[in-house]
Amino acid sequence: MTDAAPLAGLRRQIGGVLKSPKAVYASLAGFAGVIVVLALSSLASLIVDGWIQRDLDLRSTLIFRSLADKAAQPGAGELQAFKQQMQKAADEERIFGLAFCTRDGALALATAAMPPALDCAEFSGSNANEGVTLKIDNAKLRFNRFALTLGGTPGQLLVAQNIDEARSGQRDALTYATAALAAAAFGFGFLAVVVTAALRRSWMSSLRGAIAESIRTTEPPVTTGPADRRINALLGDLRVRRKFVHGIYVRWSPESLRQLLLDQLPDAQVMIVSNREPYIHNRENGEIKLQIPASGLVSALEPVMRACRGVWIAHGGGSADRETVDKNSRLMVPPADPTYALRRVWLSEEEQDGYYYGLANEGLWPLCHIAFIRPTFREQDWAMYRAVNQRFADVVVEEATCENPIVLVQDYHFALLPRMIRKALPKATVVTFWHIPWPNAETFSICPWREEILDGLLGSSILGFHTQFHCNNFFDSVDRFIESRIDHENSLVSFGGRETLVRPYPISIEWPPRGLLNQPSVEQCRINVRERFGLAPDTRIAVGVERFDYTKGILDRMRAVDDLLTMAPQWRGKFVLIQVAAPTRSKLDAYAALEAEARNLADEINAKYARDNWSPILLVVRHHEPTEVFELFRAADACVVSSLHDGMNLVAKEFIAARDDERGVLILSSFAGAAYELPEALIVNPYDTHQMAKAYDRALTMSEEEQAGRMQIMVAQISERNVYRWAAQMLFDASWLRRREKIVPSDNL
Ligand code: G6P
């Protein structure tokens with residue numbers, strides 16, 4: 001290193017420090033402090049000089065008075081006698097000397113220290129009582145002049161005092177005066193800073209209150225005072241937020257979602273964590289086949305991923321998944337136009353049994369759905385669930401390229417993941433969406449690990465449910481089982497020094513729906529379906545499309561067909577229920593039992609009413625591609641969604657989307673989240689078989705006009721509140737929180 005190097009390093013360090021705003025403020029404050037001290041010391045010096053001058057003048061006056069008395073006495077006219085008096089007075093401390101000048105400017109008498117060549121003419125000015133400062137032999141002297149008639153000679157008595165000596169006597173006073181002034185100035189300054197900070201804090205907090213209120217009411221708050229830049233930014237956000245999320249102007253699409261990301265979250269790293277992957281590779285007959293799960297979640301989140309080129313982390317469950325990844329278990333997708341990374345996580349059979357089949361699907365699924373299937377909680381499943389959640393958390397950390405990624409955590413498979421991510425990446429924005437219902441607190445109390453699950457979820461920055469009802473159930477559970485503060489007004493839970501925003505984000509479907517692409521006319525779809533199922537041309541059709549799950553009320557809708565055919569025999573031979581059910585979680589007893597029971601029930605009802613070539617229930621147990629499902633929807637007179645409990649249910653929305661002819665009737669369970677958004681459907685209680693039977697009858701006899709009227713309202717609702725809006729709302733809230741966090745860190749409550 002050369003000699004210049006340390007200096008350059010020092011300069012760089014100083015430069016670096018000064019680049020930070022805090023350092024610049026500190027330097028300015030230091031500089032201002034020096035100026036204040038210098039100004040105060042000058043002021044103190046002026047004040048002390050004033051004191052000295054007054055002191056000198058007073059002394060001179062006293063000396064003059066004592067001498068004047070003597071000059072008035074008889075015999076005082078003798079100059080020599082008076083000179084002695086003068087000398088005596090001059091011997092006093094700080095008195096430099098005295099002199100008597102006649103009116104015509106002659107020096108008549110002078111004490112010893114006075115210079116013999118003192119020029120009396122210098123003191124002949126008209127203002128005789130004014131002091132004069134002169135420098136004589138390097139001494140700074142103050143002369144005071146007093147008119148005096150001495151021995152009949154008019155003239156003036158000069159009293160000279162040494163200013164520097166007087167000053168040295170006052171130096172302590174000067175120091176104390178400076179210190180006192182500085183202390184007073186700093187005291188007042190400190191007081192002013194404290195008062196200003198208190199006023200500012202109260203102003204900021206009332207402004208934040210106004211902003212929070214405005215989020216609720218969607219109206220921006222009105223400010224009168226000078227709003228600072230950050231507050232302006234917040235208000236700007238609010239206006240954009242209102243326009244984009246609550247406004248009627250945005251038709252949400254993949255493009256507007258992409259634009260939102262670019263505008264509101266530029267450069268943010270976005271990750272998604274879900275159990276089910278968006279692209280599955282399976283080996284079938286020796287060939288690798290790509291399967292795209294027909295999932296609302298995939299169609300909602302794919303545009304997000306494409307826009308931000310993020311990472312999707314999911315369980316690699318396909319039989320050829322390992323063959324299609326690189327050494328880091330990654331591959332770029334979608335295969336036709338690779339834009340984002342899919343990171344697969346490998347789980348052993350044992351891990352899947354405990355985490356997926358066990359805790360998630362035998363414990364949490366029935367617990368949250370209250371479908372009268374007893375939840376099963378096993379200690380070993382819980383241990384596996386924790387371990388797998390931790391595995392995914394580790395992968396999130398591995399994939400993070402910054403300290404504050406946005407992580408979108410999906411569903412009940414990952415209740416513990418938000419807290420685990422929060423611990424590893426405290427600055428991450430964790431947005432968790434719970435796709436299934438949240439039960440009431442009493443039901444939730446069944447879960448042996450209820451506190452851990454609540455704690456895990458409250459590691460999220462945002463926690464979303466489909467409906468306000470489920471949010472309220474969650475608040476009740478939090479209130480009952482953990483020590484926390486709930487702000488219902490602003491939908492916030494404060495727990496462990498952090499806040500979680502808990503809000504409803506009703507999920508929906510893509511619009512326009514992909515399944516509608518290349519569909520033939522409704523008439524053609526009817527012909528196709530009737531042909532495929534061997535139905536007579538005048539047969540009226542109701543459809544049900546589901547995963548074969550006990551929460552869907554499949555048995556209940558079959559029983560309602562039985563009831564209908566008894567109640568309204570005219571439908572015998574003229575009506576069928578086509579029930580499409582995709583096998584799911586078949587490894588679990590409850591699912592295997594349901595499938596067996598459904599097959600038996602269908603056989604039973606069919607045996608009861610079958611005639612010629614007609615059977616009332618057609619049960620098809622296999623996965624259907626979206627195009628097939630949409631063809632079925634278009635061919636149907638009614639669609640039945642009879643969930644015993646459902647977070648949202650996207651089948652209801654897809655049926656409406658499929659009917660661009662504005663015909664068809666939706667029969668919808670009041671226990672599906674969709675019922676809150678689609679009250680124009682025929683709303684039913686699936687536990688009330690007879691009511692459902694009447695709903696079938698009503699659907700089959702509803703006028704085309706009424707069908708169109710109901711459909712038009714529901715189409716408007718779904719096309720506007722589509723799945724891109726769902727994603728946009730959450731991402732918007734995430735961007736809002738990130739900006740808010742810069743002002744009020746949520747771990748600083
Ligand atoms: C339903 C739920 C989703 C859940 C999915 C899991 O569709 O509504 O929230 O993620 O089931 O299904 P899977 O086949 O992956 O177990």
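Any read-out appearing in this document is the output of simple, stated calculations on the displayed coordinates, not a laboratory observation. Worth saying up front: this structure is predicted, and the values here are computed from it rather than measured. Note that we place each Cβ from the backbone using ideal geometry, even for glycine, and neighbour counts take in every protein chain shown.
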**Report entry** Candidate aspartates and glutamates for bridging to Lys83, where Cα separation is under 17 Å - those fewer than 8 sequence places away on the same chain excluded
**Finding:** Asp69, Asp91, Glu92
Query raised in the report: Residues with beta-carbon under 15 Å from that of Lys574, excluding Lys574: net charge, scoring Lys, Arg +1 and Asp, Glu -1?
Result: +1
Report summary line: Final fewest-first order of Arg322, Arg344, Arg374, Arg740 on the 10 Å Cβ neighbour count is Arg374, Arg322, Arg740, Arg344
Query - Spatially proximal lysines relative to Lys427 (Cα-Cα < 27 Å; intrachain offsets below 8 disregarded) - result: Lys19, Lys22, Lys742
Report summary line: Per residue, the convex hull enclosing the Cα atoms of the stretch 519-721 spans a volume in Å³ of 110
**Report entry** Taking Lys694, Lys574 and counting other C-beta atoms within 10 Å, the order from fewest to most
**Finding:** Lys574, Lys694
Report task. Considering Cα pairs under 8 angstrom that are at least six residues apart, work out the relative contact order of the stretch 519-721 and quote it in whole percent. Result -> 25
Requested in this report: Compute log10 of I(q)/I(0) for the stretch 254-504 with the Debye formula, placing one identical point scatterer on every Cα and leaving out solvent, at q = 0.15 Å⁻¹, to two decimals.
Outcome: -1.11
Report summary line: In terms of the charge dipole of the stretch 254-504, which places +1 on Lys and Arg and -1 on Asp and Glu at the beta carbon, the residue among Gly354, Asn285, Leu265 farthest towards the positive end is Leu265
Report summary line: Partner aspartates and glutamates whose C-alpha sits under 18 Å from that of Lys587, ignoring same-chain residues fewer than 8 away, are Glu349, Glu350, Glu351, Asp353, Glu362, Asp381, Glu546, Asp549, Glu595, Glu597
Query raised in the report: For Thr339, Thr324, what ranking results if the residue with the fewest other Cβ atoms within 10 Å of its Cβ goes first?
Result: Thr339, Thr324
